[in-house]
Each structure stands twice: as structure tokens, then as C-alpha cells.
Amino acid sequence: MNEDTLYIAPEVASAIESNKPVVALESTVIAHGLPRPLNLETARRMEAIIREGGATPATIAIIDGKLCAGLTDDQLNLLAEGGDVKKISTRDVALAVARQWTGATTVASTIWIARKAGIKVFATGGIGGVHRGALPDVSADLPELARSRIIVVCSGAKIVLDLPATREWLETHGVTVLGYECDELPAFYSRKSGLPIDARVDSPGEVAEIFRTQQRLEISRALLVTAPVPGEFELPSEQLKFVLDNALADAARKNIGGRELTPFLLNEMAQLSRGNTLRANVALLENNARIAAQIAAAI
Ligand code: PSU
Ligand code: MN
């Protein structure tokens, strides 16, 4: 891919070339997952945490049809401003390039671009998955995880999803799910889901070793590293149930679906919890960035 299509920021390119640790970040969480001005603050904070961990951050987005790995502060600002920024998933990547769109990338399209750029570690909040309800609505994040060799650090799938169905999907498609200092799959705003992980790990070195083994075995699927939200920010289970039930019912009543659904539910829950879900979301994003930097340094 030439430089007009895939633009890797100089700092990121030199880190990749000299085999130094790099951590990719997605931009949908900035543009559609968090409100202003918290979104920009969190994006900058995640980049700073990755730097403090000795790695180079590469926030990914599509700007005027260019696939970008590593954004300038102006570009971050543009995504965070809340104008008409598209949510670009895998299916939209070619459209975005052909029509010179500017947009934020989801977990799925971020993975795809990170792989093209040669980045091996990616930190996010909660991945997409199988939505509740009859449709079925399955996030493009899942098939992308099933076909891309990359380490994804997250806090499980977003609580709004059908978590047991999402867990089954990952198992069926051979995605290994690790618990980072935990014994069950985290559930985004909550440290517990009652769902199993495949193995517990307690250090970046353990993750690196499993990733290297996957490489040796030529397994080209993601390695999902799940870390729970820090305890003091976890939502109490009563409140979680309240905000979740209400947000889901509201989405059904208003007939929200497709790419609007996830941002709608996140926003509803933030309002209903008077910001508690936002504090949890930011805390887990920062924690995941810190762990991802350590893992990137270990591989
Ligand atoms: N996690 C968050 N906030 C977000 C998302 C994840 O904490 O906004 C975004 C991710 O970009 C993810 C997307 O890829 O939601 C999933 O959307 P969908 O269910 O439409 O595939
Ligand atoms: Mn969907």
C-alpha cells in the first residue's frame, strides 16, 4: 500500500522499523463512545499512559480517505469535536478511501489498519459482539478478531450485548480469551460476568509467550486479553441492572438499530447513571492502555 493510502506517522513508523513497542488505539470511542470534552481528554490521556509505559501510541482513523496510524493533535481534535464524523467499520473502509471520507474507526476496522501498518498490540474499552434481541446483530469486531493476528487488550464485550452468546462466538471461531489478573471474563462496567476465560495470566511476559506460540503455530487469530475495570470504578450491580434495562427498553421503543445502537446505549446509560458509567469507561480504557504498553514492550 503506498503512502497516499496508508499514512503512518513518522514517530510510529520509526518505532515499527526499529522493533520498538507500539500500541494502536481506536477512534470510534473518541467520536461516538464518550461525550465532549471527556472524549478528547481520554484520548490524550491514553496516549500519555502508553508513552509513560515506554511505547509509542498510534491512534487510528481515516482522514480525507487516508488510513492513518498515528494522529496529530489537530486530527484528534477534529474527531472529538462532534461534527459529522462517520463511524467506519470493516465494510466501509473501501468506501471511505474511494470517497475520501473522514471518520472514526471501530475495533474491527482499527484491527485491519493496524495489521496493514505492522502493529501487534491494540488497546480498547469493550469490543463489540452479539447484540441482544432476535435479529441477530453481530458486530463486525468478532469476525475481524477471528481472522487477524493481533493482541487486543479490552475489558470484555460491552455490557449491553448478549455476553454468553458473544463468549460462545469467540469459542466457536477459535479466539483465545485470557484473563489478565482475573479468573472470569470481565463485563465492561462490571468485574464479573460468570463466564469463563481460557486461561489466567498475571504478567505481560505470559501474554507475550502465548502470542509467540500462536505465531510459531501460524495461528492467525487475535489473542484477546481481558482486564477488569479497576475495583473503585465498578458499577454497583443494582445500578447496572437499572441503567441497562432502561437503556435497552428505550432503544427498542425508539427502534434504534445498526451502527447507531451501540452509541445510543452508551449515552443512555451515562445519563441514567449520572456519569458513573463514564467514569468506569475512562478508568478501564486507561487501565487497558497501561497493560497494552507493558505487553507491547514484552513481545
Ligand atoms: N467500547 C467502548 N466504547 C465504544 C466502542 C467500544 O468503550 O464506543 C465502539 C468500538 O469502536 C466498537 C464499536 O468497535 O463500539 C462496536 O460497534 P458495533 O456494535 O456497531 O459493531
Ligand atoms: Mn451491528
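The values are calculated or read from the model by the stated rules, or taken from the named source; none is laboratory data. Note that the structure is predicted; figures quoted are calculated from it, not measured. Methodologically, a virtual Cβ is constructed for each residue, glycine included, from the backbone with ideal geometry; neighbour enumeration extends over all protein chains shown. Just so you know, the surface numbers come from the protein's heavy atoms only, side chains and all, with ligands and any DNA or RNA stripped out. Shrake-Rupley method; radii C 1.70, N 1.55, O 1.52, S 1.80 Å.
Table for the structure above
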{"quantity": "The range 27-58, residues that are in a loop (DSSP other than H, G, I, E, B) and out of contact with any strand residue (DSSP E or B) (no Cβ under 6 Å at 6 or more places or on another chain)", "calculated": "34, 35, 36, 37, 53, 54"}
{"quantity": "Qualifying residue in the range 197-212 (condition: within 15 Å of ligand 1 (Cβ to nearest atom), hydrophobic (A, V, I, L, M, F, W, C) and touching a Leu at 6+ places or on another chain (Cβ under 9 Å))", "calculated": "no"}
{"quantity": "Check on residue 200, surrounded by fewer than 18 Cβ atoms within 10 Å (Cβ to Cβ), more than 16 Å from ligand 2 (Cβ to nearest atom) and part of a strand (DSSP E or B)", "calculated": "yes"}
{"quantity": "Options 67, 145, 79; residue that is within 16 Å of ligand 2 (Cβ to nearest atom), surrounded by 22 or more Cβ atoms within 10 Å (Cβ to Cβ) and aliphatic (A, V, I, L, M)", "calculated": "145"}
{"quantity": "Selection from the range 235-257 of residues that are open to solvent by less than 70 Å² (accessible area, probe 1.4 Å), out of contact with any Asp or Glu (no Cβ under 8 Å at 6 or more places or on another chain) and in a helix (DSSP H, G or I)", "calculated": "239, 240, 244, 248, 249"}
{"quantity": "Given (1) open to solvent by 30 Å² or more (accessible area, probe 1.4 Å); (2) more than 16 Å from ligand 2 (Cβ to nearest atom), number of the condition residue 275 does not satisfy", "calculated": "(1)"}
{"quantity": "Scan of the range 207-231 for residues that are part of a helix (DSSP H, G or I) and without any contact (Cβ under 8 Å) to a residue 12 or more places away in the chain, ordered by number", "calculated": "209, 213, 216"}
{"quantity": "Residue match in the range 83-96 (condition: open to solvent by less than 10 Å² (accessible area, probe 1.4 Å), over 12 Å from the mean Cα position of the chain (by Cα) and closer than 30 Å to residue 53 by Cα)", "calculated": "yes"}
{"quantity": "Given (1) at pLDDT 95 or above; (2) surrounded by fewer than 17 Cβ atoms within 10 Å (Cβ to Cβ); (3) over 18 Å from the mean Cα position of the chain (by Cα), index of the condition residue 134 fails", "calculated": "(1)"}
{"quantity": "Residue that is farthest from the chain's Cα centre (by Cα) [pool: residues in the range 248-282 that are of a type in the set (Val, Ile, Thr) and under 19 Å from residue 154 (Cα atoms)]", "calculated": "277"}
{"quantity": "Verdict on residue 108 being touching a Ser or Thr at 6+ places or on another chain (Cβ under 8 Å) and either within 13 Å of ligand 1 (Cβ to nearest atom) or among the small types (Gly, Ala, Ser) (or both)", "calculated": "yes"}
